[in-house]
1. Listed highest first by mean packing, meaning other Cβ atoms within 10 Å per residue, what order do 61-67, 85-91 come in?
2. Calculate one ³J(HN,Hα) per residue across the range 103-112 by plugging θ = phi - 60° into the Karplus curve 6.51 cos²θ - 1.76 cosθ + 1.60, and present them in order as whole Hz with x for glycine and proline.
3. Which ordering of Val111, Val117, Val72 is given by a fewest-first count of other beta-carbon atoms within 10 Å?
4. If each residue of separation counts as 0.36 nm, what is the full-extension length gain between His126 and Asp96 once their alpha-carbon separation is subtracted?
5. So if R0 is 41 Å, what FRET efficiency would Ala104 and Asn70 give, r being the distance between their Cβ atoms, rounded to the nearest 0.05?
Amino acid sequence: MKKGIVIGAAALLAVGSVGAAAWAVGPNGPGRYRMMKHMISARIEDAEDLIQATPAQRTQIEASKEVILNAVQAKMQNRAQNHGQLIALLTADKLDTQALYNLANQHAQDVQDLAKVIVPEIQKIHDVLTPSQRATLAQHAKDMHQKRMNHHGAPGGFGGPPEE
């Protein structure tokens, strides 16, 4: 159970970082990407400090971060073009549903391609961390999630918490 939480937390961190990086590369250009890359790096450095990562661990984490961010940047280079295609499809007199399916399928393929890069990097990071470090990161992820939930209101969406 604990291992699943740790792997889930690592995956969530990676996916969140990738999502943030993808947003950052968007139509507003590379300046936003550089800013987001800096913010991601700062969060990772804070996590390394939290778990008191060794120099060797920091080296692996940094290498994995760069591999992931480079893969995201490469995938997101054509994001603006896809956005333009989507707008053109949605504003056309006749909706081309097949073209929409094609865009959705391409997006799904891009996500799968990124996963093929990200998951092995998460494995490398997982392998260099001790069980205690992974537990510390998992607890930090839980605490941050709870903090966000408290900030955004009651859990459960529109109707509040689920009824028991």
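Where a number appears in this text, it was derived from the coordinates with a stated rule and is not lab data. None of the values given here were measured: they were computed from a predicted structure. Note that we place each Cβ from the backbone using ideal geometry, even for glycine, and neighbour counts take in every protein chain shown.
1. Final packing ranking: 61-67, 85-91.
2. So the Karplus estimates, Gly and Pro as x, are 5, 5, 5, 5, 4, 4, 5, 4, 5, 5 Hz.
3. Fewest-to-most Cβ neighbours within 10 Å comes out as Val111, Val117, Val72.
4. The span from His126 to Asp96 would gain 6.4 nm if fully extended.
5. Once rounded, the FRET efficiency stands at 0.95.
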